[in-house]
Amino acid sequence: PICGGDGGGGDGGGDADGGAAPELVPLDDVSVSGGFADLPTINPRVAGCADYRFVYGIGAARPTPVSNRLVKTDVAGRGGDAAFEVAGMLPGEPLFVPRPGGAEEDDGVLLSMGTDPDGGSSLYVLAAQDMRLLAQCRSPVPLPAGFHGCWLEEGGGS
């Protein structure tokens, strides 16, 4: 892992002797996330680190009752929040892929299948550092929208 500090798990808030519970504070810029984020993912190299900084997921450009953008939240509150959206696209669960040899936590790409405005499907590849579109790979056939990715055998097995 590329953890800073001790890489430990933190104390989780209140203690067993009746100590005060932690105060809940918003971690994201509501103008970016729409006030919610779901299907979170982080760089797998910082999994288990207490001091990871970035979380990626789906969010919303309001007003809407559904997710319509991919979001990056800087949980350290240092201004790293960012978003990516295509008008009318419904994003699926993002997956963080670290760049081999990358030293920074957000050095990698974010992959997400999206249902495009015309009902087709595309794989979106974003630069994780600034949520910039690197590639859009259009599927030759529409794929069903789903919350989680799934793998099929070659030939589309069931």
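The values are calculated or read from the model by the stated rules, or taken from the named source; none is laboratory data. Only a predicted model underlies this, so the values are computations on that prediction, with no experimental measurement involved. Cβ: placed from backbone, ideal geometry, glycine included. Neighbour counts: every protein chain shown. All accessible areas refer to the heavy atoms of the entire protein, side chains included, with ligands and DNA or RNA removed. Shrake-Rupley method; radii C 1.70, N 1.55, O 1.52, S 1.80 Å.
Computed quantities for the displayed model
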{"item": "Hits in region 35-54 - residues which are under 9 Å from the mean Cα position of the chain (by Cα) and either touching a residue at least 24 places away in the same chain (Cβ under 8 Å) or under 19 Å from residue 133 (Cβ atoms) (or both)", "result": "37, 38, 39, 41, 42, 54"}
{"item": "Some residue of region 77-85 being under 30 Å from residue 119 (Cβ atoms), outside any loop (DSSP other than H, G, I, E, B), open to solvent by 30 Å² or more (accessible area, probe 1.4 Å) and modelled with pLDDT under 75", "result": "no"}
{"item": "Of all residues making up region 108-158, the number that are loosely packed, with under 10 Cβ neighbours inside 10 Å and at pLDDT below 85", "result": "11"}
{"item": "Single match in 85, 105, 93 (criterion: charged (D, E, K, R), more than 10 Å from the chain's Cα centre (by Cα) and closer than 26 Å to residue 144 by Cβ)", "result": "85"}
{"item": "Residue in region 16-32 that is within 14 Å of the chain's Cα centre (by Cα), at pLDDT below 90 and crowded, with 18+ Cβ neighbours inside 10 Å present", "result": "yes"}
{"item": "Complete set of residues in region 47-76 that are of a type in the set (Ser, Thr, Tyr), in contact with a helix residue (DSSP H, G or I) (Cβ under 9 Å, 6 or more places away or on another chain) and assigned to a loop (DSSP other than H, G, I, E, B)", "result": "52"}
{"item": "Tally of residues being surrounded by fewer than 18 Cβ atoms within 10 Å (Cβ to Cβ) and in a loop (DSSP other than H, G, I, E, B) across region 86-102", "result": "7"}
